[in-house]
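Taking it in order: structure first as structure tokens, then the write-up.
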Amino acid sequence: MSATAIEQHEELEEEKEKPNTICLVCKDRGVANFNKVFSCAACKSFFTRTLRQSKRIKDSVCKKQWDCFDQEPPFSRKCAPCRLKKCIDVGMLLTSKIEEALKLRGLALNQVIIILSKKDYRIQEKLMTHYSVRDPTLDQVLADRDCAKLEKMTPGIKMTAHEWAYLDVYSRIVSYLEFDFINFLEYKDKKILFTYNSMRMLLLGGAMRTVREKRAMLMTPDGEDVYPEVVYQLFGGCKQVLMEICCELSGKLIDLQVTYEEYLFLMQIFFLNPSISDQLSDKAKATLAEFQDKFSYHLLLYCQHTYQQHASSRYGNLLSLMTVVDRISSRLQCVSMLFQVMVPTFPFKKLVADTFVNIGTLPPPLQADEVSVPVQQEFFNEAMQNIEAVNDVKMEQMEY
Ligand SMILES: [Zn+2]
Ligand SMILES: [Zn+2]
């Protein structure tokens, strides 16, 4: 049998199993499952053709109320924009690629959310159930996404906070590389993007997990403190900064009652920041800006659905979280860099070192009008004094 004959045969087999099923789009007699959506051949080919070729239909709007295919009986089965909308509403997707869904001017808002939440779920699932004894650098991860060789967690294996950070950074990098528009960036641009963003993503992801697990502060997935004991020994005098890193962002998420969907969009919008570094190529900046716009548009749309007339102020409040993420990550970068100077023997995982410590630049200076500048200054001074004191401590006696 030829390939099409086999397909037809399979379709007939499927038809026999479901003799009375109607097309979920046009309510005519359905033929087969297409991407798990039962539909007629006409709707299936309409959908494929439209997404692949017809810019005219994709850009056209319904002349009625966008409900031609929702009525009983249908007003008009000829309304192409409504038919496309219905196809998407019942779950048709050409591929699972988010790029396809994002192209549809918000028509596929739910699909975009589903794709993002599936990706986020997989990251969380990996963090809870896997571990890795490998120690790849950022370069190695970018060259081979499977290089961490994740293994299933077995009872008795306990991850340290540091290993958890490594796994978090690794899982998110792999997840972002599943986006073609990220994966196809120049190598140099990808490296810059992950070098500057990994800690931010860990902090925002961790803050949302803190909120969802109803904890008071950021902890590892199994409820352990995120700082190795030695950090308290060194920075004990300026505990406030350590606590801010663990509490401030999740506190803001609670204040704003940020929903899971909003969080998913913020993760993309903040990650795709084209001004994260001047070293990015113009092409990369353009790509990031393009997709940042698309995700922002979808977030605004979500806000409009959820908050109606308060949508734009809600949207503004959500985007303002970016400055909090930046501030907290610059704090954590300070702590990490000072920590490495003070405890050069600490066994940093290479991926964590590449994204927390060896970022190449000092954290950006805080804005002059920010009230918390003195805290940071104090913190620096105190930490520097501690370096003197630490020189007297025998490193090998410290508990990591
Ligand atoms: Zn149909
Ligand atoms: Zn219509």
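The values are calculated or read from the model by the stated rules, or taken from the named source; none is laboratory data. Given the structure is predicted, the values throughout are model-derived calculations rather than measurements. Note that we place each Cβ from the backbone using ideal geometry, even for glycine, and neighbour counts take in every protein chain shown.
Data table
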| item | result |
| --- | --- |
| For Arg56: the one exception among (1) away from ligand 2 (no atom under 16 Å from the Cβ); (2) under 26 Å from His298 (Cα atoms); (3) at pLDDT below 85 | (1) |
| Filter pass, Met219 being crowded, with 21+ Cβ neighbours inside 10 Å and either in the same structural domain as Tyr131 (by TED's automatic domain parsing) or hydrophobic (A, V, I, L, M, F, W, C) (or both) | no |
| Candidate set: segment 25-51, residues that are part of a loop (DSSP other than H, G, I, E, B) and touching a residue at least 40 places away in the same chain (Cβ under 8 Å); chosen: the one farthest from ligand 2 (Cβ to nearest atom) | Lys36 |
| Sole residue being more than 15 Å from ligand 1 (Cβ to nearest atom), farther than 21 Å from Thr21 by Cβ and outside the structural domain of Ser296 (by TED's automatic domain parsing), chosen from Lys55, Lys78, Lys118 | Lys55 |
| Failed criterion for His162 (all others in (1) assigned to a helix (DSSP H, G or I); (2) surrounded by fewer than 19 Cβ atoms within 10 Å (Cβ to Cβ); (3) touching a Leu at 6+ places or on another chain (Cβ under 9 Å) hold) | (3) |
| From the options Ser313, Ser296, Ser281, Ser320, residue that is over 16 Å from Gln257 (Cβ atoms), exposed (fewer than 15 other Cβ atoms within 10 Å of the Cβ) and either assigned by TED's automatic domain parsing to the domain that holds Glu262 or in contact with a Phe, Trp or Tyr (Cβ under 7 Å, 6 or more places away or on another chain) (or both) | Ser281 |
| Checking Thr355 against (1) hydroxyl-bearing (Ser, Thr, Tyr); (2) surrounded by fewer than 19 Cβ atoms within 10 Å (Cβ to Cβ); (3) modelled with pLDDT of 55 or more, the condition it does not meet | (2) |
